[in-house]
Every structure is written in structure tokens, then in C-alpha cells.
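Colleague: My structure is below; once you've seen it, I'll send some questions.
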């Protein structure tokens with residue numbers, strides 16, 4: 001039994017060593033582990049001793065990998081094989097036929113393992129519920145006394161990109177937004193509620209690195225405006241005016257069909273134009289800001305319009321948790337009699353980043 005345990009332990013150790021890869025630096029230092037990805041002049045390496053580290057290619061003397069890799073070059077081609085970095089500073093790919101392809105480091109856009117390339121790159125199958133990034137937040141307040149009051153707020157904001165790897169142009173992008181507020185007050189036995197729910201889904205198809213067509217759907221219930229349900233469906237064209245790692249700005253325009261059911265009133269059906277923008281700004285590693293603004297001029301009833309805007313500020317507490325504050329403003333030029341045009345909602349709470 002003891003011999004069997006020793007044999008299994010030796011087998012596991014030998015397998016771990018076989019999978020280990022070695023990086024040798026120009027100053028003579030060495031680092032063992034495995035590379036994760038290579039973007040431009042940086043190697044993201046998972047070290048056995050140091051964990052995840054970023055290594056400048058210019059300081060590496062040699063690196064040999066047993067992991068199948070795919071190299072994306074700046075001219076748009078992709079090459080696969082066994083990856084190594086020679087003393088000349090060129091990347092080398094050894095194919096299954098034994099041939100070697102040499103690529104200058106300056107011509108390489110990104111390098112990924114074959115597994116990552118097949119699961120997240122252009123050849124990966126499209127799965128609608130995978131690779132979402134965003135945040136969900138919730139807040140609750142409770143008052144008990146002469147007046148009883150309670151408020152629950154929930155919000156979700158997410159974006160899915162496909163493919164979502166540097167070196168690939170995005171083809172599909174999905175944007176989802178949900179805001180819910182449930183507010184109840186009881187005074188002298190009289191209960192008053194001010195609930196609102198709004199959700200939207202927008203699907204983009206990018207036919208160039210900056211231009212896209214989109215289709216959207218929105219549902220809204222706003223109790224303070226006596227709006228039982230507003231349904232908005234439409235589409236149009238958009239452009240990424242700014243597309244940077246820390247700053248993004250999108251502009252879009254299109255046409256929509258709107259059906260509004262107000263309490264005690266006839267159903268309204270209108271055609272509306274749509275002019276909108278989305279701003280995403282990562283102020284720092286801890287602070288982020290997002291803003292959505294949609295302007296809907298009424299084409300069926302000229303002169304009337306509505307505006308929806310949502311601004312959200314997030315302060316990261318940890319890698320997964322953040323403190324979020326969101327302000328939503330919905331403006332309608334033709335509400336029901338004795339109803340205000342504006343509904344402003346301020347919510348704060350703890351968020352979960354995904």
C-alpha cells in the first residue's frame with residue numbers, strides 16, 4: 001500500500017513537471033510555470049512561485065512551450081503550432097509537419113493557447129448566456145414609527161461581447177439594463193406605493209470595427225405616472241465614437257414603435273425616432289461611471305417627446321463587491337392630467353461585479 005501511494009505521488013509530480021514551462025531572462029534569471037496569454041510586448045505568465053506576473057518580451061532571452069498556441073499578427077492572419085521565443089527575439093511556431101515559422105515580435109498582435117482561441121475566439125460557438133460583464137446591486141431601507149415606510153431597489157447592468165479577445169474585431173454585442181424600485185408608505189392606515197420597473201435589451205451587430213446595426217426592446221412600468229406598461233421595439237444604426245480600455249462612447253439613431261397603456265386611459269400607439277448615447281468611463285481602478293441617454297421625438301404626434309437617462313457611479317470595495325449610486329430620470333411631455341412630467345429615482349446599495 002505504501003509503495004502504491006509513493007508511485008502515485010511520483011506520477012503526479014512527474015506530470016506536473018512535464019507541464020511546467022521555463023522562461024530564461026537575459027540577466028540569467030529563470031522562472032518556471034506556464035504562460036496564459038501574450039498581448040503585444042507583454043507575456044502574462046503564471047509562475048509556480050510568484051503567481052500571475054507580466055513579463056516584458058524585451059527582457060526574455062528564451063521561452064519554450066509545450067502548449068499548442070495560436071499567433072495573431074497585425075496584418076490579420078492567424079498561425080498555430082508549438083510556441084517558443086528564440087535568442088533572436090523572434091517567435092517561432094513549430095507545426096505538426098515539423099516546419100518552423102518565424103515571426104518578428106513587433107508584428108504580433110496577440111498570442112493565445114489553442115484552447116482559449118477555440119472557446120473565446122472567432123471559431124467559438126455563440127452562447128448567449130456566457131461571457132457577460134457588468135454589475136448587479138441591491139439596497140433596502142426600513143422605517144417603523146408613526147409612519148411606516150420601506151424601499152427596495154434592484155439594478156442590473158451588463159454587456160456581452162463576442163468575440164471578446166484582444167486581436168479580434170467584435171461582431172456581436174449585447175447590452176442589458178434593469179432597474180426596479182418598490183416603495184411603500186403607510187400613514188394613519190393609508191398605504192401609498194410608488195413602484196417602477198424598467199428593463200431593456202439591445203443587440204448590436206458590428207459590420208466594421210466602429211459601426212453597427214442594432215435591435216432593441218424595452219418594457220416599463222411607472223406607477224407615479226399611472227403607466228401600467230410601455231413597450232418599445234425598434235432598431236437603427238450606431239457608431240463607437242470612442243473605444244478605449246478606460247473610456248467608451250457610443251452614439252445611435254433609429255426608429256421605434258411604442259405602445260403605452262395608462263391607467264384609466266386609451267392605449268397610445270406611436271412611431272418615435274431614437275437618438276441615444278452610452279458613456280462608460282473607468283475613472284480609476286476603483287471608480288467607474290456609466291451613463292445612458294435616450295431621446296424619443298414623437299413622429300405620430302409632432303411636438304411631443306420623452307427622455308430616459310440613467311447615470312451610475314460605482315466604487316469598488318473588493319474584486320467582486322462595490323458600492324453603487326444610480327440616478328434615473330424619465331421625462332414625458334404628455335402625461336395624464338394631474339401627473340408630473342418627471343420621475344426621478346435615486347438608489348444606493350451594495351453591488352456585485354460579474
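Read-outs throughout are calculated quantities, based only on the coordinates presented, and are distinct from any laboratory measurement. Predicted model only: the values in this text are computed from it and were never measured. Glycine also receives a Cβ, built like all others from the backbone with ideal geometry; neighbour counts cover every protein chain displayed.
Colleague: Mind checking the angle between helix 2-19 and the chain's longest principal axis? C-alpha axes, 0 to 90 degrees, to the nearest 10.
Modeller: 80 degrees
Colleague: Let me ask something additional. At 0.36 nm per residue, minus the direct Cα-Cα distance, what do residue 67 and residue 141 gain on full extension? Give it in nm, one decimal, please.
Modeller: Values: separation 74, 0.36 × 74 = 26.64 nm, distance 5.29 nm.
Difference between extended and current length: 21.3 nm.
Colleague: Right, next: Taking the Cβ-Cβ separation of residue 273 and residue 115 as r and a Förster radius of 45 Å, what is the calculated FRET efficiency to the nearest 0.05?
Modeller: 0.45
Colleague: Based only on Cα atoms, what mean projected area does the convex hull of the chain have, in nm²?
Modeller: Directional mean of the projected Cα hull area for the chain stands at 27.4 nm².
Colleague: Okay, moving on. What whole-number distance in Å separates the alpha-carbon centres of the range 289-307 and the range 192-266?
Modeller: 10 Å
Colleague: Per-residue ellipticity at 222 nm for the chain, helices alone: DSSP H runs ≥ 4 residues times -39500 (n - 2.57), over residue total, nearest 500 deg cm²/dmol? Each step should come with its number before you reach the end.
Modeller: On the way: 2 runs with 25 residues, N = 354.
After summing the helix terms and dividing by the residues of the chain, the value is -2000 deg cm²/dmol.
Colleague: Run the numbers on the chain and let me know its relative contact order in percent, using alpha-carbon pairs under 8 Å that are six or more apart.
Modeller: 8 percent
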